[in-house]
Each structure stands twice: as structure tokens, then as C-alpha cells.
1. Give the order of Val369, Val438 when sorted by the count of other beta carbons within 10 angstrom, beginning with the fewest.
2. Do any trypsin sites (Lys or Arg not before Pro) in the stretch 80-132 lie in a loop, going by DSSP, with at most 15 other beta-carbon atoms within 10 Å of their beta carbon, and if so which?
3. Rounded to the nearest 0.05, what FRET efficiency do Lys343 and Arg155 give with R0 = 30 Å and r taken as the Cβ-Cβ distance? Could you check?
4. Counting only DSSP beta bridges with both residues in the stretch 5-180, tell me the antiparallel percent, nearest 5.
5. On alpha-carbon atoms, Rg over Rh for the stretch 10-133 using Kirkwood Rh?
6. Roughly how far apart, in whole Å, are the Cα centres of the stretch 404-472 and the stretch 70-100?
7. Note the per residue figure in Å³ for the convex hull of the C-alpha positions in the stretch 83-127.
8. State the extension gain, in nm to one decimal, for the chain segment bounded by Glu56 and Leu329, taking 0.36 nm per residue of separation less the distance between their alpha-carbons.
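Only the coordinates and a few stated rules stand behind these numbers; no lab work does. On a predicted model such as this, the values are computed, not experimentally measured, just so you know. Positions of Cβ are generated from backbone atoms using ideal geometry, with glycine treated the same way; all protein chains shown enter the neighbour counts.
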Amino acid sequence: MPPPVWASPLDAFFLMAETPEMPMHVASLLQFTYPPGEEDTFLRALVADLRSATVEPPWTLRLQTHAFRRQPVHRWVEDEEFDLDYHVRHLALPSPAGERELGILVSRMHSNPLDLRRPPWEISFVEGLEGGRFAVYVKIHHALVDGFTGMRILRRGLSADPDDRDHPFFLSTRRPSRSAARPEPVADVTSVLGGLATSLGSVTSVGRALLDTQLRRGQASPTTAVTSYQAPPSILNGRVGTARRFATQQLGTDRMKAIGKARGATLNDVLMAVCAGGLRRYLADLDALPDAPLIGFIPVNVRPKESQGGGNLVGATLVSLATDVADPLERLAAITASSKAAKARMRGMSADEVVAYSALLLAPAGLQVLRAMSGLPVPLPLPLTLNVCISNVPGPSEHLYWRGARLEATYPVSIPGHSMALNITAHSYAGVLDVGFVGDRDGIPHLQRLAVRTGEALDELEAAATPRGRPRGRGGRAR
């Protein structure tokens, strides 16, 4: 049996933050079409094969618990009583089920916490969907993987060959050892603090960047990095309950790249601008649009491209979403400038330095979380740090298959929390951005309207940025 492994501080954070109202799991909703002529038999056979598969770590690892209180500690051990049948579920919706019925099911499944006495993951197969489709909902605790690692796991478990019927399940493949790949930093106390402490230059660069950012108070503009105290109060910053809402949208990457090329912006800049346009319309509909721009919490991957992932290793920054700007092109320009300023603060930093800088920049957000948990109104001396999380996880560019079933979409289902009751995450796949919106059921009403408004925002931005262009590929289709 392998020795226990202590969770890194980033992994441990997701364990310590776990509450009944804020379970810290992430998920993916994968939609497949059946192989031709196999709709009646395929899914039952696939589930049976998976239940008989060999399972490798980390899927067999559970958190060690205190002997008496049965509370998890931050150390991974092999589960000697691992029960694969518990983790693999086969469900059915009344056929023919549409996107509304599937969305309601996912909302309910995502509201339920994982059992941390077992390996913290579940996979649910859902049949009964219209159009010759089935869905797979994979739920994993964030302490086990981050988004980057999740996409690497997805890619290893699927094949580019539709005739490949023997491809190993993702549960049966081991991640390559670090010695077999380019070494990457480890987000633990020894690595981050030790790495910084050995270099006076590292401490100086992180401190200078943070000080230069924070001293901009009162001087905020699109060309300066966002500080830790610029976010306006909004309905997005309340206390969350236990129930969730989930909605989806598909955005064509060709359309968004054309906008970026025409306006000197990256794909991520355009994604933020489209989400900001959707938020502006959605909040205006609710008469809840703040006068000041919303501030986006933007995760930043610090792993090398060839990394196979594992655990959590991620930084983050803050970007103005310019939701106070009515003109879509001016809004995109403001977001692009704010994003460039945020990146400039981290330019030249190592991965450990980015993690340390991110932690210090976002530390004041702890106060707004405590305020939200208390249910008290926002006091004037306590400004907010962030309003909404917007994340973009790169994925496969080619169509993939699971033993002959074609993968059509990969919608992420992430984590809303106290004082950040809405999370927007996108996965790129085969020329499309599959966007998942997940929010608190009570605090974020009519979430599907935000998905619709986001599609409309892409149409509006495209019409303004490329007036002679026509929509290309998929986009603007709310689920």
C-alpha cells in the first residue's frame, strides 16, 4: 500500500472551505450521441464495462479521518474498502427528455455534497435524452483535481478514432510521473515559501507588484491593474444556500477569434466581454445593475503546456468587466486594457511567485466572504474584492469518441460560494466554447436568462466589431 500523501495547501483550502451551503466539488456535463444502430444496447454495456474496470489512483484515494469524530484530515490514503458500484450510477429521464429536464437533474445532483469518507468522485450516466443522445455527469471534489487536470483526464479517457472500442477508461490510466515529464512546481508551503525565501529578488518582485497594484486606489482606470477593493456591492455577493441552478450556452470560437483579431484582443478578452455584456443585460432586467463596473475573478493556469496535471496549481487575478459601459466595443477595449494591466503585474514571475502574488491580492476577499456568511449588509468601510468568477479551460480541438459514441459538448459545472453566488466557466472543444453557468438557486433567479443574454451579447459585439461579417459556426444557443 502506498504511504499517505498530505494534501497541498491549495488542495486543503477546498477541504477547509467545505460547508453544507458551499460544497467544494466541480463537475462536467458531457453529452454524447450513440453510435449508429446501437441506441438500445450501448449505454448499458458501457456502464457494465466501467463497473468491471481496473481503477488506479487517484480514483481509489480517500481522505483520512479522525478516529472518533470521523472528520477528514488533509491527507490522502488508499481506500481499502473501495466500492466502484457506489461511484458509478445509471439514471434515466422520461424519454424524450430535453435540455430543460436535463438541466433540472444536473442542478439537483450538483446541489448534493460528496461523501468525504469515500474517494470524492461520482459518475452518473443519464439516458432518455431526445435526438439519440445520452449524458454523463462527472462530479469530483476540487481538492482532488483542478480544471486543467480535469481536461487532461478527459482527453486521456477518450479517443479520436470512432472505431476504437477498447480505449482504456480514464479511471484505469495512471498520470505520468513527474520524472517522465518536465518538472513543474508544487503548490505546497515548502515549495512556495521556500522558493521565495531563497531569493531576495523573488520577495522583492512579488512585494513590488502587489504594492504597485494596491496603491492605485482612487486612481482606477482601464489602464491600471484592479486593486483588492474596487468591486461594487451586487446581488452576486450574497450568502448562498444549498440549492443550485444550472444553465448552458455554446459560443463559436471562430466568431470570437474574428472579433479579437479585428479589435486587438485575445480570445479570453472576448469571452470576458461577452459574459460582461450578458451580465449587464441580465442585471438591468432585474433592476440590479451596479453603477460601478463588476470585477471578475479570473483563474490563471501556471502549469507548462505539456503538464499532465494533478492536484491544484493555479493563480488568479482581477479584471474590470466594464459593465458600466453601454457601447460593446468600448466595453471590450476597457476589458482588454484591464486584462493587459493585470498580466503586466505577473510578467516575469515564476509559477510559485504567481501563486503567492495571487494569494496576497485576493486575501481581502476573506472579509467579504465572512460578511456574506453573516448575512449583514455591506458596511461602507468594507469594500469588496470581486463579484463573479469567469474561467476558460482549454480543451481538445478535435472531435473525440467514447468507444464509438461521439462527444458533442463538455459543459463545466463549477462552484458558487458565499459572496460569489455565480460562477461562469467555459471549456473549449472542437471549435466551440461550451459555457456552464452555475449559481445559487435563490440568489441568482432565472439563470437561463443570463445564458440567453450572453448569446445576445455575442451577436451584439460581433455586429459592432465585424459589421460585414456573418455568424460562423455555432453560437448564441442557450440550453
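1. Arranged by neighbour count, lowest to highest, Val369, Val438 become Val369, Val438.
2. Numbers: sites: Arg89, Arg100, Arg108, Arg117; in loops: Arg117.
Answer by residue number: Arg117.
3. Values: r = 27 Å, r/R0 = 0.89.
Working from the Cβ atoms, E equals 0.70.
4. Numbers: 23 of 29 bridges.
Rounded to the nearest five, the antiparallel share is 80 percent.
5. Working: Rg = 17.1 Å, Rh = 16.6 Å.
Reported Rg/Rh (Cα atoms, Kirkwood Rh): 1.02.
6. If we compute the Cα centre of each part, the gap is 26 Å.
7. Details: hull volume 2.9 nm³, N = 45.
Once divided by residue count, the hull of the stretch 83-127 is 65 Å³.
8. Working: separation 273, 0.36 × 273 = 98.28 nm, distance 4.93 nm.
Using 0.36 nm per residue and subtracting the Cα-Cα distance, I get 93.4 nm.
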